[in-house]
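Engineer: Below you will find the structure I want to go over with you.
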Amino acid sequence: MALECHAGFSLEPRAPRPDLRLEAVRKLNEAGIAAGVICAPVLPGITDAPKDLEKLVEAAAQSGAKYIFANPLFLKPCSAAVFMPFLEKQFPHLAESYQQRFQEQAFLPSSYRKRISQLMARLRQKYRIHNHYDRYAKRAHPAPKPVGQMQLF
């Protein structure tokens, strides 16, 4: 989603607005196409507040989303080279924390990932989004029927 931060700064300035994305989810589901929301990346101290994630899940439920899940930020060196200067400029109070978190590894600790996962599970339950993403993905892309060895020539 084109995320708006507490200060009103957009993290994705050229992305479609969240209301437009949720309207697309609504229209797809009304047309019989299972659609949902992937919230990624969840940014520590920026987009991970439980009340903000709850607003997102509630809005997804209101749009008829068939699934919603969140994936915390991971920063591989090529991404960190771009993201860290942005963070230092827009969120200087978080820069040191991020540098420490991502100095030796690209992924946040499993405890953080588990906390976000558990929060999302509770919110999905509260707003009755069953998160059947795998079921819809399998239906949309059935496995090909096995065939014999193909001839190259």
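A short reminder: the numbers here are calculations on the coordinates, not readings from a lab. No experiment lies behind these values; they were computed from the predicted model shown. A quick note on method: Cβ atoms are made from the backbone with ideal geometry, for glycine too, and the neighbour counts reach across all protein chains shown.
Engineer: Per residue of segment 115-125, in order, report the coupling 6.51 cos²θ - 1.76 cosθ + 1.60 (Karplus, θ = phi - 60°) as ³J(HN,Hα) in whole Hz, putting x for Gly and Pro.
Structural biologist: Residue by residue, segment 115-125 yields 4, 5, 4, 5, 4, 5, 4, 5, 5, 4, 5 Hz.
Engineer: Based on the mean of other Cβ atoms within 10 Å per residue, sort peptides 31-41, 106-116, 76-86, 59-69 so the most packed one is first.
Structural biologist: Packing proxy ranking, top to bottom: 59-69, 31-41, 106-116, 76-86.
Engineer: Turning to a different aspect of this structure: What are the residues whose amide H is under 5 Å from the amide H of Cys39, where those residues sit 5 or more places off or on another chain and H is modelled from the backbone?
Structural biologist: Those qualifying (amide H under 5 Å, at least 5 residues apart or on another chain) are Phe69, Ala70, Asn71.
Engineer: From the phi of every residue in segment 102-110, what ³J(HN,Hα) in whole Hz does the Karplus formula 6.51 cos²θ - 1.76 cosθ + 1.60 yield, where θ is phi - 60° and glycine or proline is x?
Structural biologist: Ordered by residue, 3J(HN,Hα) equals 10, 4, 10, 8, 7, 10, 5, x, 4 Hz.
Engineer: Rounded to whole Hz and in sequence order, give me ³J(HN,Hα) for segment 55-69 from the Karplus expression 6.51 cos²θ - 1.76 cosθ + 1.60, θ = phi - 60°, writing x for Gly and Pro.
Structural biologist: Using θ = phi - 60°, the values come out as 4, 5, 5, 4, 5, 5, 4, 5, 8, x, 3, 8, 7, 7, 8 Hz.
Engineer: Now, a different point. Give the residue from Phe83, Phe102, Leu56 lying farthest towards the positive end of the charge dipole for segment 48-117; charges sit on Cβ (+1 for Lys and Arg, -1 for Asp and Glu) and the dipole is referred to the Cα centre.
Structural biologist: Leu56
Engineer: Might you report the magnitude of the Cβ-based charge dipole of segment 1-119 about its Cα centre, with Lys and Arg at +1 and Asp and Glu at -1, to the nearest 20 debye?
Structural biologist: It works out to roughly 240 debye.
Engineer: Could you list Glu30, Glu58 in order of exposure, starting from the residue whose Cβ has the fewest other Cβ atoms within 10 Å?
Structural biologist: By the 10 Å Cβ count, ascending: Glu30, Glu58.
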